[in-house]
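Student: One structure, as structure tokens, below. Some questions next.
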Amino acid sequence: MTSATFKPIVYLKENCPFCLKVRLFLLESGLAPDVETRDFVADSEHEKKIRAELQPHLDKVSFPAAQLEPGRYVTESDDIVAFFAAKAGRDPAGMTVYRNYVDGVFAMSMKLWKENQELKKTASAA
């Protein structure tokens with residue numbers, strides 16, 4: 001497979017806020033048709049197959065993940081978005097739906113997650 005015919009692949013876990021961030025960017029940027037998306041449900045046989053596929057290419061398999069170019073794999077949602085933003089010539093800061101999600105629901109869920117981690121830490125120390 002040559003880079004001229006290569007179609008980037010993104011691996012997106014159901015109900016993952018980081019995966020949704022990537023999906024929203026791809027949809028709003030118009031790049032979704034140019035990307036192969038491999039969706040899966042957590043703890044499924046499909047996830048096991050995807051993890052086995054990614055394991056040789058990543059230090060730690062996490063999601064979202066992407067093969068951006070032949071042999072180039074990444075797992076950070078911001079890195080994936082930055083790659084596609086450059087490819088599309090789009091500034092994520094000017095994308096309404098993407099920004100509403102990142103600055104709203106996503107930011108709140110990350111705040112609640114961090115708060116939960118602190119509460120667990122405090123509870124385990126008591």
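Derivation of every value follows stated rules applied to the coordinates shown; laboratory data play no part. Given the structure is predicted, the values throughout are model-derived calculations rather than measurements. Backbone-built Cβ (ideal geometry, glycine too); neighbour counts: all protein chains shown.
Student: Ordered by residue, what ³J(HN,Hα) values in Hz, to whole numbers, does the range 20-35 give under the Karplus form 6.51 cos²θ - 1.76 cosθ + 1.60, where θ = phi - 60° and Gly and Pro are x?
Tutor: Once θ is set to phi - 60°, the couplings for the range 20-35 become 5, 4, 5, 4, 4, 4, 4, 5, 5, 7, x, 8, 3, x, 8, 10 Hz.
Student: Report the trypsin sites (Lys or Arg not before Pro) located in the range 1-100 that are in a DSSP loop and have at most 13 other Cβ atoms inside 10 Å of their Cβ, or state none.
Tutor: Lys60
Student: Using Cα centres only, tell me the gap between the range 93-126 and the range 43-80 in whole Å.
Tutor: Cα centres, the range 93-126 to the range 43-80: 23 Å.
Student: Okay, moving on. Pairs Lys7/Lys114; Lys87/Lys120; Lys60/Lys114; Lys7/Lys48; Lys13/Lys87: which exceed 31 Å Cα-Cα?
Tutor: Pairs exceeding 31 Å: Lys7/Lys114; Lys87/Lys120.
Student: With +1 assigned to the C-beta of every Lys and Arg and -1 to the C-beta of every Asp and Glu, and no other charges, what is the dipole magnitude of the range 1-44 about the Cα centre in debye, to the nearest 20?
Tutor: 80 debye
Student: Over all distinct Cα pairs, what is the inverse of the mean 1/r for the chain, reported as the Kirkwood hydrodynamic radius in Å?
Tutor: Hydrodynamic radius (Kirkwood, Cα only) of the chain equals 15.8 Å.
Student: Taking every DSSP beta bridge that has both residues in the chain, what percent is antiparallel when rounded to the nearest 5?
Tutor: Details: 6 of 11 bridges.
Among the beta bridges of the chain, antiparallel pairing accounts for roughly 55 percent.
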